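The values are calculated or read from the model by the stated rules, or taken from the named source; none is laboratory data. Since we're looking at a predicted model, the values are computed, not measured. For neighbour counting, all protein chains shown are included, and Cβ atoms are generated from backbone atoms with ideal geometry for every residue, glycine included. Note: areas computed on protein heavy atoms with side chains; ligands, DNA, RNA excluded. Shrake-Rupley method; radii C 1.70, N 1.55, O 1.52, S 1.80 Å.
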Amino acid sequence: MRQGYQRSTVGGGLTILLVALLLGCGTTVPSGPVSFSIDYATGSIPPPYNHHYAIDVEFTDDGAQVTYQLEYRYRESLTEEELLEAGYGPDDDIRWSGTFPPAVAEEWLAVARSGTLTGSAEPAPGSDTLLVRVTHSDNLSRAGAPTEREPWEDIARQVDGTARRELGVERPSP
């Protein structure tokens, strides 16, 4: 089995794959992506700026179905006045879902097909983390930190901008 891939479900297919590999039939190449997720968390950034977001994308005939959640973390110790002074409000979290058109889905599919993910994603203490999982139609998935972050960060910016526009929510202005 190719390094960085793992079977999402265990069953007869795994046995066949192992037998094929033992017999020298080659390496299984996954079929096209059907979904991916992006998980990002800031490192040692203090509140109110510290945040986490999760993006789940499923490719359909209509484009890309997206679920987005953004949560600002560790704000319990701040007063509402301190949040407002920093350019934030008492609840800046976002929960949104929507569909992106097929043209955008094709761009994202290209990123999912070509993006290289490391096998492990242990960040340096205090640094931010960006983790990606790409799932293929044959139930194989690969996960890890992308070696090139920019394409995945571009997708996150597109999702965040669209969610904010559709919800009528402005970006905090620190």
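Taking first residues from region 48-69 that are more than 15 Å from Arg157 (Cα to Cα) and partners that are charged (D, E, K, R) and in a loop (DSSP other than H, G, I, E, B), the Cβ contacts under 9 Å between residues at least 6 apart in sequence or on separate chains come to Pro48/Arg75; Pro48/Asp92; Asn50/Arg73; Asn50/Arg75. Yes or no: region 86-102 includes at least one residue that is assigned to a helix (DSSP H, G or I) and more than 14 Å from the chain's Cα centre (by Cα). Scanning region 86-102 turns up at least one residue that is assigned to a helix (DSSP H, G or I) and more than 14 Å from the chain's Cα centre (by Cα).
May I ask you to say which residue of Arg171, Arg164, Arg133, Arg113 is assigned to a helix (DSSP H, G or I), basic (Lys, Arg) and touching an Asp or Glu at 6+ places or on another chain (Cβ under 9 Å)?
On the way: Arg171 fails: assigned to a helix (DSSP H, G or I); Arg133 fails: assigned to a helix (DSSP H, G or I); Arg113 fails: touching an Asp or Glu at 6+ places or on another chain (Cβ under 9 Å).
Answer to the selection: Arg164.
Considering (1) touching a helix residue (DSSP H, G or I) at 6+ places or on another chain (Cβ under 6 Å); (2) farther than 17 Å from Tyr68 by Cβ, the lone condition that Ile94 does not fulfil carries the number (2).
Only residues that are over 30 Å from Leu167 (Cα atoms) and touching a residue at least 24 places away in the same chain (Cβ under 8 Å) were counted across region 97-114, and they come to 1. Kindly indicate whether any position in region 150-161 is open to solvent by 40 Å² or more (accessible area, probe 1.4 Å), in contact with a Lys or Arg (Cβ under 9 Å, 6 or more places away or on another chain), under 26 Å from Asp93 (Cβ atoms) and at pLDDT 95 or above. Scanning region 150-161 turns up no residue that is open to solvent by 40 Å² or more (accessible area, probe 1.4 Å), in contact with a Lys or Arg (Cβ under 9 Å, 6 or more places away or on another chain), under 26 Å from Asp93 (Cβ atoms) and at pLDDT 95 or above.
Restricted to region 50-83, and to residues there that are of a type in the set (A, V, I, L, M) and not in a strand (DSSP E or B), the residue that is surrounded by the most Cβ atoms within 10 Å (Cβ to Cβ) is Leu83. Among the residues of region 128-174, the one identified as at positive phi and free of Cβ contacts under 8 Å to residues at least 40 places away in the same chain is Gly168.
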